[in-house]
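Accompanying notes for the structure given below.
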Amino acid sequence: MSLDLLYREVILDHYKNPRNRGELESPTIKFDGHNPLCGDVVTLHLKTDGEKITDVKFQGDGCSISQASISMMTEKIKGLATSEVKELIENFRAMMKGEEDSEIDMGELEVLQGVKQFPARIKCALLGWDTLKQSLAKLDE
Ligand code: ZN
């Protein structure tokens, strides 16, 4: 199996079986994101104890890249300190430009690095992350 095919399988698996999909009873913050270029939408529910992301869920609709990226993102950030999450956000954005710091372990999210070859889809991959960034900025206010 080629790497591309394997990557595609992982993306499709997250798209068809999204992780952490749903709503949180009493989120610390709930934030909507929208990618008008493709029609992708997301509502991110975050729960924090002031230091860590203790729980995360999302509701969303859109293309496989947008929804798989959000699903993988929620798996990756759950339990992490918000400072670590901010580092991941910046590194994911850098990855879309081919400028990621390989010292930072992106785990399964690395399957999305192929998206950088398709500029029109980068916004799809970034939707969840941009929404997460805005949510965290709001919490810092
Ligand atoms: Zn999309």
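The values are calculated or read from the model by the stated rules, or taken from the named source; none is laboratory data. Note that this is a predicted model, so its numbers are computed, not measured. Reconstructed Cβ throughout: ideal geometry from the backbone, glycine too, with neighbour counts over all protein chains shown. For accessibility, only protein heavy atoms count, side chains too; no ligands or nucleic acids. Shrake-Rupley method; radii C 1.70, N 1.55, O 1.52, S 1.80 Å.
Give just the number: which of (1) away from the ligand (no atom under 16 Å from the Cβ); (2) assigned to a helix (DSSP H, G or I); (3) crowded, with 23+ Cβ neighbours inside 10 Å does Lys76 not satisfy?
Evaluating Lys76 over (1) away from the ligand (no atom under 16 Å from the Cβ); (2) assigned to a helix (DSSP H, G or I); (3) crowded, with 23+ Cβ neighbours inside 10 Å leaves (3) as the failure.
Name the residue that is farthest from His34 (Cα to Cα), counting only residues in the range 111-126 that are buried (at least 16 other Cβ atoms within 10 Å of the Cβ) and free of Cβ contacts under 8 Å to residues at least 24 places away in the same chain.
Only one residue fits best here, namely Gln113.
Could you figure out which of (1) among the hydrophobic types (A, V, I, L, M, F, W, C); (2) within 15 Å of the ligand (Cβ to nearest atom); (3) surrounded by fewer than 16 Cβ atoms within 10 Å (Cβ to Cβ) isn't true of Leu139?
(2)
Within the range 40-61, work out how many residues are open to solvent by 20 Å² or more (accessible area, probe 1.4 Å) and more than 19 Å from Leu112 (Cα to Cα). Before you say what the answer is, go through the steps one by one.
Of the range 40-61, the ones open to solvent by 20 Å² or more (accessible area, probe 1.4 Å) are 41, 43, 47-52, 54-55, 57, 59, 61.
Imposing the further condition that a residue be more than 19 Å from Leu112 (Cα to Cα) reduces the set to 43, 47-52, 54-55, 57, 59.
Here the count works out to 11.
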